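Report on the following structure.
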Amino acid sequence: MGIKSVWRSVQCSSKSVQCETLAHSFGLNTTEYWLIDPLRERSEFYRLDAEGRYEVIFAGREGVYRSEVLPGFWLRVEWLWQEPLPHPLRVLGEIAGVDTELVERFLRALGGE
């Protein structure tokens, strides 16, 4: 899997040479890659299809993306643009399905928020 944060607008489509080159820069066996554009607050998630082409699986500013490469991993896309960013342990707890109160007690025990 490859994850790239872009600082200028990058536009890709499944037939774009730019996207194919970008995906291959992550490694020849990249089956999934993400483009994160913090300036436009937009993300694009691509997956290699059966014909060996990358297709957009999810694109946007909000919603939930579920990875196939990392089984059980999902990402609430709006977390990427939240100000301030959510605490990593709260995010991890939500992804893992840990009770919110348990996460909060853990944070307090660590002397955190």
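Just so you know, all these numbers are worked out from the coordinates, no wet-lab data involved. The model shown is predicted, which means the values in this text are computed figures rather than measured ones. FYI the Cβ positions are ideal-geometry reconstructions off the backbone, even for glycines, and counts take in every protein chain you see.
With the crude spin-label approximation of a point 7 Å out along Cα→Cβ, what separation in nm comes out for Arg108 versus Val69?
3.9 nm
Taking the beta-carbon count within 10 Å as an exposure proxy, list Tyr46, Tyr54 from fewest neighbours to most.
Details: Tyr46 25, Tyr54 22.
Ordered by Cβ neighbours within 10 Å, fewest first: Tyr54, Tyr46.
Shape call for the range 37-100 from the C-alpha gyration tensor, a ≥ b ≥ c root eigenvalues: rounded (a/c under 1.5), prolate (a/b greater than b/c) or oblate?
Values: a/c = 3.42, a/b = 1.41, b/c = 2.42.
Verdict is oblate for the range 37-100.
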